Amino acid sequence: MAATGRKHLVKDFNHFITCYLCRGYLIKPTTVTECLHTFCKSCIVQHFEESNDCPKCGIQVHETNPLEMLRLDNTLEEIIFKLVPGLREKEEQQELEFWRKNQPKENGQAVETLRCQRFGLPDVGGDGADGGDDGDGGAEDDYHRSDPQIAICLDCLRNTGQSGESTVTDLMKRFIRCSSRVTVGTIKKFLSLKLKLPSSYELDVLCNGEIMGRDHTLEFIYMTRWRLHGENTYPMVLEYRPRIDFG
């Protein structure tokens, strides 16, 4: 006798993919790290303007700035878009209409370019027909502007070579703010560029004295190396030093 599997309907999963505040499907699902409850980003940000407590369980998220404890869940967003047919296209269209009504073109940047940046699509429209880099970077290249942001301090760890001289220097501006999805590998490239190091030069990036892997994201480091170890200072401090080969 052939086994017949039960069909699952989208409504069977509504408990997991709808927002407690607006009761609609989660848009830009954002998780409160203190209690792991997830809401639409716009819903929870608006709620935190009036209260520092989680709207679902009532736990105090943060005494002064609960927005620091929010993390965007891009994986859940992709799952929801796959479960609910047409939801992605509907959200894209609504956002496009919003920009048409509220965001005039600035510096030649078309509305279609904004749409591409929001959803991570290649920019084939607008004034730059090839969708390429204009050379200056800036807001037009900021594909992670909607990600949760994290502030870090990059300190030079005083480490001298065998001859006794310091091989790396301090940055002129040690404090930066970037996407929590940035990896240690990207931080290393940033340091090499700012310090004008030769391409063959290797740096180690450390947190609390431990060398971080190049694929570690800032969010992962914050949650597992900084916050987990009782560090309450802000911003998170990362140290860098040259990799010395004694062989």
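Could you compute the FRET efficiency for ARG214 and CYS57, with r as their C-beta to C-beta distance and R0 at 41 Å, rounded to 0.05?
Numbers: r = 37 Å, r/R0 = 0.90.
It comes to 0.65.
Between ASP170 and PHE81, what is the label-point separation in nm under the 7 Å Cα-to-beta-carbon projection?
Going by the 7 Å Cα→Cβ label model, 4.4 nm.
Taking 0.36 nm per intervening residue step and subtracting the Cα-Cα distance, what contour gain separates MET223 from CYS22 on full extension?
On the way: separation 201, 0.36 × 201 = 72.36 nm, distance 2.86 nm.
Using 0.36 nm per residue and subtracting the Cα-Cα distance, I get 69.5 nm.
Peptides 49-60, 214-225: what's the order by average Cβ count within 10 Å, highest mean first?
Working: 49-60: 13.5, 214-225: 17.4.
My ranking of the peptides, most packed first, is 214-225, 49-60.
Mind running the shape call on the range 166-205? Use the C-alpha gyration tensor, a ≥ b ≥ c as the square roots of the eigenvalues: rounded below 1.5 for a/c, prolate if a/b tops b/c, oblate otherwise. Intermediate values should be presented prior to the final figure.
Numbers: a/c = 2.26, a/b = 1.38, b/c = 1.64.
It is oblate, given that a/c is not under 1.5 and a/b is not larger than b/c.
Give me the percent of the accessible area of the range 46-100 that comes from carbon and sulfur atoms, probe 1.4 Å, all protein chains in place. Kindly include the intermediate steps, with their values, before the conclusion.
Numbers: 1660 of 3450 Å².
Roughly 48 percent of what the probe reaches on the range 46-100 is carbon or sulfur.
Using a basic spin-label model with each label point 7 Å from the Cα along Cα→Cβ, how many nm lie between GLU89 and VAL237?
With each label placed 7 Å out from Cα toward Cβ, I get 5.3 nm.
So for the pair LEU195, ARG181, with labels modelled 7 Å out along Cα→Cβ, what separation do we get in nm?
2.8 nm
Mind listing the long-range amide H neighbours of ASP204? Cut-off is under 5 Å, sequence gap 5 or more, other chains count too, H placed in the peptide plane at 1.01 Å from N.
The answer is ARG241, ARG243.
Step through the table entries LYS173/LYS196; LYS28/LYS189; LYS11/LYS41; LYS173/LYS194; LYS56/LYS82, compare each Cα-Cα distance with 18 Å, and write down the pairs that go over it. Don't skip to the end; give the middle numbers.
Working: LYS173/LYS196 15 Å; LYS28/LYS189 29 Å; LYS11/LYS41 22 Å; LYS173/LYS194 10 Å; LYS56/LYS82 26 Å.
Check vs 18 Å cut-off fails for LYS28/LYS189; LYS11/LYS41; LYS56/LYS82.
Sorted by packing (mean other beta-carbon atoms within 10 Å per residue), highest first, where do 203-210, 11-18, 75-82 land? All intermediate terms of the calculation are to be shown ahead of the outcome.
On the way: 203-210: 16.5, 11-18: 12.8, 75-82: 15.0.
Ranked by mean Cβ neighbours within 10 Å, highest first: 203-210, 75-82, 11-18.
The values are calculated or read from the model by the stated rules, or taken from the named source; none is laboratory data. Fair warning: this is a prediction, and the values are worked out from it, not measured in the lab. Here Cβ is always computed from backbone atoms with ideal geometry, including for glycine, and neighbour counts include all displayed protein chains. Remember, those area values only see protein heavy atoms, side chains included, never the ligands or the DNA or RNA. Shrake-Rupley method; radii C 1.70, N 1.55, O 1.52, S 1.80 Å.
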